[in-house]
Amino acid sequence: MLSKKSAPAHRIALETYPHVLRFGIHSPPAFHEHGRMRHRIRLPDRLGLHFSVREAADAGIGRGRADARDLARPFHGTRALTTPETFHARVRSFAPRMRPGQRLVGRSAVRWWGMPYPTGWLLSEDLEIAVPHEQSPPRTRGVAGRRLASSRAENWKVGRVPVVDPVSAVFSCAADLTLADAVTLLDALLTGADNYPGLIEDRPRYTRDDVASRLAAWGRFKGSATIREALGLAREKVESPKETETRLAIISAGLPEPVVQHEEFDGSRLVARVDLAYPQWKIAIEYEGDGHRVDKDQWRRDIQRQRELEDRGWIVIRITQADLRLPLEFLGRLRRAIASRAA
């Protein structure tokens, strides 16, 4: 209740901002300060950066404040302190309105697990949300709803966001994958490496038999033939998508398949772990990403390791993205190296 002392101010507010009659006395309009839109009513910290209109109401925030112009509206029924412009921010802004049974699926699930989806994310990309067959998929702008049988996928929560397990994530986007794309995703699924870029550290781990068993349980689905063929080409221990791309380029050129992450020892001392190698011919292929170039210590270790390998009779072929873009020169050099050692 307003005190007598505050009543005049109240009348002034009504004259100056007549639309507060619609919002209520405790929800005055936003105003500008140093070029930024601000609002006189502070939002409770517990709402966080992303919240639903229902959560705001439960926190005592009226609809007028929730509809104020200083808040973004990424999806129907959700609000955000700033417009979400990354994939992770888009997911987090939708999460407050997810209902029981809803979970990320398809390429959205692949991205959420940190696996290397073949195309980059765009702001216009819909979030893919699955529900069990007995539920209706969500229908709202920015979301592609679909049905997925509960028995086909395990439920996980990553960062408080419900998502299908990684195997189901790959299977549920298989229809849009090329063979090379599918091999790359399966390599990421099977790797036990902790340094694979982007992958969530506490993810579930799978063997080839695990994936084959799930593939048999799923039966036929769009893209299943691609996954089945890719599984035969997938390898464990891969440490980056570029290693997969390099290996597939070598195989496609008709050259023998190299060993993944070969370890070269001097007695009990590890000299080097090579991305791809032909140990029988002492030929090493190393992909150099930008991290090797900009990290001074890494660059020095790479040079020292190459010298040690060469001292032990190895041919070391270092390649970059430019070589994968136009691989004929790199593949020609590798072919000559193999010929020189296999003779």
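Computed quantities for the displayed model
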read-out	value
Formal net charge of residues neighbouring residue 222 (Cβ-Cβ distance under 15 Å; K, R +1; D, E -1)	+2
Solvent accessible area, Å² - residue 98, 1.4 Å probe, full protein context	30 Å²
At most 16 other Cβ within 10 Å, DSSP loop - trypsin sites (Lys or Arg not before Pro), the stretch 138-189	139, 141, 160
Whole-percent carbon and sulfur share, accessible surface of the stretch 87-243, 1.4 Å	48 percent
Solvent accessible area, Å² - residue 233, 1.4 Å probe, full protein context	50 Å²
J(HN,Hα) series, the stretch 190-206, from Karplus relation 6.51 cos²θ - 1.76 cosθ + 1.60, nearest Hz, glycine and proline x	8, 5, x, 6, 8, 9, 5, x, x, 5, 5, 5, 8, 7, x, 10, 10
Accessible area of residue 299 in the full protein assembly, 1.4 Å probe (Å², nearest 10)	130 Å²
Heavy-atom accessible area ranking, 1.4 Å probe, most first, across 242, 237	237, 242
Amide proton proximity set for residue 103, modelled H, under 5 Å, gap of 5+	130
Two-site FRET efficiency, residue 336 against residue 269, from Cβ-Cβ distance with R₀ of 25 Å, rounded to 0.05	0.20
Quotient of Cα Rg and 2.2 N^0.38 Å for the stretch 258-343, N being how many residues it contains	1.10
Rg to Rh, two decimals, where the chain supplies the alpha carbon set and Rh follows Kirkwood	1.14
Full-extension gain in nm, residue 141 to residue 175, via 0.36 nm per residue minus C-alpha separation	9.9 nm
Angle in degrees between helix 296-311 and the longest Cα principal axis of the chain, rounded to the nearest 10	20 degrees
Length added when fully stretched, residue 122-residue 202, from 0.36 nm per residue minus Cα-Cα	26.2 nm
Mean ellipticity per residue at 222 nm, deg cm²/dmol - from DSSP H runs of n ≥ 4 across the chain, formula -39500 (n - 2.57)	-10500 deg cm²/dmol
Estimated D of the stretch 92-189 in µm² per second, where Rh is the Kirkwood radius over Cα pairs and Stokes-Einstein applies at 20 °C, 1.002 mPa s	158 µm²/s
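The values are calculated or read from the model by the stated rules, or taken from the named source; none is laboratory data. Because the structure is predicted, anything quoted here is derived from the model rather than measured. Here the Cβ is made from the backbone with ideal geometry for all residues, glycine too, and neighbour counts use every protein chain on show. The area values use the complete protein model at the heavy-atom level, side chains included, leaving out ligands, DNA and RNA. Shrake-Rupley method; radii C 1.70, N 1.55, O 1.52, S 1.80 Å.
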